[in-house]
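Heads up, the thing below is written out as structure tokens.
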Amino acid sequence: MLRYILKRLLQFIPVFFGVTLLLFLIQTYMPGVDPVQLRVGERRITAEEREIFERQFGLDRPWYIQYGNYIANLAQGDLGRSFASGRPVTDTLLDRYPYTLQLALVAIAIQAIVGIGAGIVSAVKRRSFWDVLVTMSTSIAVSLPVFWLGLIMQYVFGIWLQNVTGGAFFLPVAGASGRLPTWTYFVLPGITLACVTTAYTARIMRGQLLEIASADYVRTAKAKGCSPARILWGHKMKNGLIPVVTGLGIDFGIMLAGAVLTETVFNWPGIGLLISQAILARDFQVIIGTTTVILMATMLISLLVDIMYGFLDPRIRIAGGEE
């Protein structure tokens with residue numbers, strides 16, 4: 001297993017350097033981007049001032065030296081300074097990332113529990129009322145735009161339901177209170193963020209269980225007299241969860257990258273809202289720094305998913321090079 005993990009780690013190294021180099025070159029040679037002007041704002045600057053700023057930010061050096069310095073600084077946790085505010089990007093991310101991480105954990109928990117549970121019920125109760133309900137619900141959920149769903153939930157819980165109950169029922173519809181917001185702040189953005197992915201998870205889980213139901217080892221277990229519960233949890237689930245784990249891993253990486261639409265609609269002070277604000281301000285240092293952290297988080301999640309594959313199906317470890 002250790003050899004399998006090390007092989008996966010080595011595969012991420014060229015991906016990391018390739019993507020960071022691409023991001024750096026986009027930042028350096030993006031047409032119409034003047035980092036010095038972004039730093040000083042709209043006022044005109046002299047050639048001497050521009051030269052000072054270029055030396056200060058290392059913009060007067062060749063691109064490969066700038067990239068090497070960027071990687072060296074990255075190894076020390078230094079993502080540079082914002083051109084717009086002058087504040088270290090690392091400090092900004094440390095302030096914002098906990099909110100995104102908490103929201104992502106809530107959303108992935110909803111996706112895993114509700115999605116897998118609904119898929120199991122739909123497959124076990126095939127062609128029943130519950131199967132039809134799950135199928136119809138997931139069909140509707142996958143077609144809902146995230147920003148529209150967020151706005152509807154804000155209206156229902158922030159205006160309509162409060163008017164109906166006379167203000168007795170209240171859920172926050174925007175923002176977050178403190179570094180550790182109470183659970184009420186996570187309800188609406190968490191459901192909104194998890195809605196579409198939960199529907200896909202339920203569909204995948206249902207399809208896998210129905211496909212595995214005709215496998216030889218399942219028929220053998222039935223012939224031996226195993227109970228339906230043992231067949232489900234001891235035989236079907238282990239193989240059926242492999243594509244579901246893939247989806248959960250990918251979705252969690254995307255959530256950690258910051259749900260721009262969800263965080264913008266709910267004014268959630270996380271990475272997604274930070275990216276939106278940085279794009280509007282053309283603050284490329286924040287954009288590149290944030291994207292680099294997102295890349296590392298996504299690579300870590302991918303590694304964990306690969307390791308879980310090895311535990312769920314030993315054949316994957318063998319095919320991956322473990323002897």
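A compact table of results
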item: Per-region count, region 76-96, residues under 19 Å from ALA281 (Cβ atoms) and either part of a helix (DSSP H, G or I) or among the small types (Gly, Ala, Ser) (or both); result: 12
item: Failed item, numbered, when VAL305 is tested on (1) over 12 Å from the mean Cα position of the chain (by Cα); (2) at pLDDT 80 or above; (3) within 17 Å of LEU105 (Cα to Cα); result: (2)
item: Boolean, ILE71 is in contact with a Ser or Thr (Cβ under 9 Å, 6 or more places away or on another chain), farther than 30 Å from LEU180 by Cα and at pLDDT 75 or above; result: yes
item: Test: residue in region 257-277 that is surrounded by fewer than 24 Cβ atoms within 10 Å (Cβ to Cβ), over 30 Å from LEU25 (Cα atoms) and of a type in the set (Gly, Ala, Ser); result: no
item: Failed criterion for LEU59 (all others in (1) touching a residue at least 60 places away in the same chain (Cβ under 8 Å); (2) part of a loop (DSSP other than H, G, I, E, B) hold); result: (1)
item: Test: residue in region 16-30 that is farther than 20 Å from THR290 by Cα, part of a helix (DSSP H, G or I) and modelled with pLDDT under 80; result: no
item: Of all residues making up region 142-191, the number that are in a helix (DSSP H, G or I) and of a type in the set (A, V, I, L, M); result: 13
item: Flag for PRO228 being touching a Phe, Trp or Tyr at 6+ places or on another chain (Cβ under 8 Å) and on the phi < 0 side of the Ramachandran plot; result: no
item: Test: residue in region 114-136 that is in a helix (DSSP H, G or I), surrounded by fewer than 12 Cβ atoms within 10 Å (Cβ to Cβ) and either without any contact (Cβ under 8 Å) to a residue 60 or more places away in the chain or of a type in the set (A, V, I, L, M, F, W, C) (or both); result: yes
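Table: residues versus (1) over 18 Å from ASN267 (Cβ atoms); (2) among the basic types (Lys, Arg); (3) in contact (Cβ under 8 Å) with a residue 12 or more places away in the chain; (4) surrounded by 12 or more Cβ atoms within 10 Å (Cβ to Cβ).
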| position | (1), (2), (3), (4) |
| --- | --- |
| LEU161 | yes, no, no, yes |
| PRO181 | no, no, yes, yes |
| TYR185 | no, no, yes, yes |
| LEU193 | no, no, yes, yes |
| VAL196 | yes, no, yes, yes |
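The values are calculated or read from the model by the stated rules, or taken from the named source; none is laboratory data. Note that the coordinates shown come from a computational prediction; the quantities given were computed from them, not determined experimentally. Counting neighbours? That spans all protein chains shown, and the Cβs are built from the backbone with ideal geometry, glycine included.
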